[in-house]
Amino acid sequence: MTSLLIRNAAELVTVAGPDAPRAGAEQGKLEIIKDGAVYCEGERIVAVGPTNQLLRKYPKAKKAKRTIDAAGHAVIPGLVDCHAHPVFAGDRCDEYAMRLAGKSYREILAAGGGILKSVEHTRAATHAELLAGLRARLDAALALGTTTLEAKTGYGLDERTERKMLEVIASARGRSNPPLKKGRQGGEKKGHPIDLVPTLLFAHAVPQGWTADDLADLAVDATPRLAPLAEFVDVFCEKGIFDVEQSRRVLQAGKDAGLQVKVHADEMCLLGGAKLAASLKAVSADHLLYADDESIVALRDAGTIAVFLPGTPFVLRVAYAEARRWIAGNVPVAVGSDLNPNCYCESLPFAFALSVYEMKLTPAEALVAVTINAAAAIRREKEIGSLAPGKLADIAILHGPSYLHLGYHIGGNPVQAVVKRGKVVVE
């Protein structure tokens, strides 16, 4: 069995506590061990604590097959990206210039751009092309400390392409359905180090010439056949795209097929997406830029996690979510990258920085938001998101001596090394 000892960390930030999302004042509490150590055997953490104490209690750790001296460096849980759209083809950099010139998201979408442009390219792309693009984005995210990532579909808007996207995600995970034959183009014997969590987002936009009801009907019909390839179902509940009742039909079809619920909610206006998420006991409601106080109460009572995606208001140049309202309302807050062709960013450290500077989370709250709360937003809180005995050994070692470097070191990569399931995968 492989074994790994990380010792002498300037800060070992365990995010210790219950394997559950943290809310309110609890979200800002961190356990920080000076001169800390982590000992791992196989894929799991065996022990954490001050270096000298750990070595006295576990003398075999001194004989670990691999030892990393983390003196002068902070050690934190591997980062968890709980909202991403990493499977797509094509390029939309022209829309970046259009936004800077004053065009709105809806104006670009109405002109055939936005999601619809990505749909055109993704439909035309082969499995191998999509897989190569996905793996490149995962490589970038891994180097930036992400060890688990939710992967949404949504650039198909038809059953064939949505299935293709889910199969690409399965290939990147080292799985396939049906199994890929050896030598087949695009097949993978070994999965990417990042663990992927697949989400079916069939109802992501309305193609030209279609109505929202037509596309919702198509999604409802296809969901039982696509559900075996996914864990979650999602919908873009937004004015002019899918209204609350259309969204409810799509999400209920996913629930009926055994999927857990996520919702793109109240991103561009207050439509009621957050309240819909609460009524369905969704795992998370995401974006929430326009959600009101009633939405906060509804999500708190439903036990739904609020996922904020500060990269999106950054690129759209709109107001950020008011995170302090949600902390005060005792709703667990998570933060994701929203990696997609419109917000082309694999960096959770950048999302961390935006959440502190623009959304007014404290650094401690932001770290919880990209670790244990993000893990809870994809139902992985018992396996990842904190450094504790028995959990998977997903660990990031920072260049700097404090976890604060996640937000302090802007525009570069604050991550020096990454451990995934007990193996050093970035160094």
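The values are calculated or read from the model by the stated rules, or taken from the named source; none is laboratory data. Please read all numbers here as calculations on a predicted model, not as lab measurements. As a convention, Cβ positions derive from the backbone with ideal geometry for all residues, glycine included, and neighbour counts pool all protein chains shown. The accessibility values were calculated without ligands, DNA or RNA, using every heavy atom of the protein model including side chains. Shrake-Rupley method; radii C 1.70, N 1.55, O 1.52, S 1.80 Å.
Things to note:
- Segment residue 358-residue 100, length gained on full extension (0.36 nm per residue, minus Cα span): 90.9 nm
- Of 73, 130, 2, farthest towards positive along the dipole that unit charges on Lys, Arg, Asp, Glu beta carbons give segment 1-158: 2
- Computed from label points 7 Å out along Cα-Cβ, the spacing between residue 111 and residue 239 is 2.2 nm.
- Each DSSP beta bridge with both residues in the chain is either parallel or antiparallel, and the antiparallel ones are about 45%.
- Summing Cβ point charges (Lys, Arg +1; Asp, Glu -1) relative to the Cα centre of segment 283-421 gives a dipole of roughly 420 debye.
- log₁₀ of I(q)/I(0) at q = 0.12, 0.13, 0.17, 0.21 Å⁻¹ - segment 185-270, Debye sum with one point per alpha carbon: -0.40, -0.45, -0.70, -0.92
- Paramagnetic reach from residue 1 in segment 382-399 [backbone N under 12 Å; point 7 Å along Cα→Cβ]: 390
- Solvent exposure of segment 341-427, expressed per residue, is 33 Å² of accessible area, with all protein chains present and a 1.4 angstrom probe.
- Of 164/281; 152/239; 65/420; 29/391; 152/360; 103/255, pairs whose Cα-Cα distance is over 25 Å: 164/281; 152/360; 103/255
- Counting only residues at least eight positions apart within a chain, or on another chain, the aspartates and glutamates with an alpha carbon under 14 Å from that of residue 60 are 41.
- Taking the convex hull of Cα positions in segment 105-173, its mean projected area over all directions (nm²): 5.2 nm²
- Among (1) 35, 24, 19; (2) 48, 31, 18; (3) 34, 30, 20, the entry derived from the coordinates for semi-axes √(5λ) of the Cα gyration tensor in Å: (1)
- Within segment 1-69, trypsin sites (Lys or Arg not before Pro) in DSSP loop having at most 10 other beta-carbon neighbours inside 10 Å: 65
- Percent carbon-and-sulfur accessible area, segment 272-427, ignoring ligands, DNA and RNA, probe 1.4 Å: 54 percent
- Take the Cα of residue 160, step 7 Å toward its Cβ, do the same at residue 129, and the gap between the two points is 1.4 nm.
- Each listed q (0.28 Å⁻¹) maps to a log10 I(q)/I(0) for segment 1-70 from the Debye sum over equal C-alpha point scatterers, namely -1.19.
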